[in-house]
Amino acid sequence: MALILDVARFKYPPHWVPLPLLWEAMNTTDDATGLLRGFMLISRHTAAPSLLYTVSCRDESWKSMAKYCMEDVPDLLKDESVDNVPALLSRLVKSLPANAGNLIKWVIEVRRQEEGGSGLSKEEEERLILKEMILQQVRDTELFRLVHELQFTKQPCCSCSYSSDDDSFTRIAASVCCQGAALLTGNLSSKDGFCCRETCFKCVQVDGDGPKTVVTGTAVSGVNEQSVDMLLPISTLETSVCNSNSSNEVVKYPSRTDILTVLLLALHPSTWVGIKDERLKAEFQSLISTDILHDDLKREILHLRRQLHYVRSCKEEEYGDPVPQSH
């Protein structure tokens, strides 16, 4: 027997039918299309489509980023005076909208502090290890190195502590703390009513893999208080920009350099066909090619690329242009 759950429940309530009868009903021709009816198997993904990055369209900033990708970048590539990769990257970065960092977000896991206890579950540990590996793979790319140098090359050596990223992370951690508290209390619409009273870092010892970083926060809404843990990867830079004694410095995400790197990697390859200088085009395409990426990072980038395709389609619909059918 098979349980039939019809969408028109008011006319066809749930009912059981013999399996052979259900098969015979599907093995008929649809008069509207002339095609045989059939069935679809739907299953849950065994893994999330992404571990570390996702495109966010929670506010209107995605529209300015869609315009940047669809209009501004092609116009910038027409400039024939740009003849090397650093100059091209500099032009692209300087032209980014002020809210560019709002488009790509980090996937940060949140749990109640009392649920986590003093350690990580095996599943949490495995996901955190994968996140750290992907983050490190981003920072091992030549593109990251070039974008990083571009971000910090004009700063004095004493400024290589990533203080701006730390400040940014403090704000992001507070925001995530409030969103997590709202989620855990079952009322997402109340996140603006939460105020993050404090955030701090702590190390959790993991068997055989050393300490992991957990950010703890306490969010308050009226008389309600919710303490949460936020699980995040950390990464180590092998060398510093200034070749000073700050090598092997631990850098906590998120950083602007990481976001810019994955954004450039996630843009569709056809974005760069407008580069006039063939030598420069070949050199730049080799930097952003997914063929040179590790499989885990490649999956993350292709997931972002699919999401950006939908963002672009939404922008084209806003312009009134038809969205081409994919084949």
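The values are calculated or read from the model by the stated rules, or taken from the named source; none is laboratory data. Since this is a predicted model, take the numbers as computed values, not measurements. Reconstructed Cβ throughout: ideal geometry from the backbone, glycine too, with neighbour counts over all protein chains shown. Accessible surface is based on the protein model in full, side chains and every heavy atom, while ligands, DNA and RNA are left aside. Shrake-Rupley method; radii C 1.70, N 1.55, O 1.52, S 1.80 Å.
A straight chain from S270 to L41 at 0.36 nm per residue would run longer than the Cα-Cα distance by 79.0 nm. Return the subset of K67/K281; K67/K315; K276/K298 for which the Cα-Cα distance in this structure is over 18 Å, preserving the input order. Where the Cα-Cα span goes over 18 Å, the pairs concerned are K67/K281; K276/K298. Sorting the segments 87-99, 133-145 by their residues' average number of neighbouring beta-carbon atoms within 10 angstrom, most packed first, yields 133-145, 87-99. The radius of gyration of the Cα set in the range 1-56, together with its Dmax, comes out at 17.4, 47 angstrom.
Per residue, the accessible area of the range 23-144 comes to 60 Å², computed with a 1.4 Å probe over protein heavy atoms only. The mean sequence separation of alpha-carbon pairs under 8 Å and at least six residues apart, normalised by the residue count of the range 47-142, gives a relative contact order of 47 percent.
For V17 and E60, a Förster radius of 35 Å and the Cβ-Cβ distance give a FRET efficiency of 0.10, rounded to the nearest 0.05.
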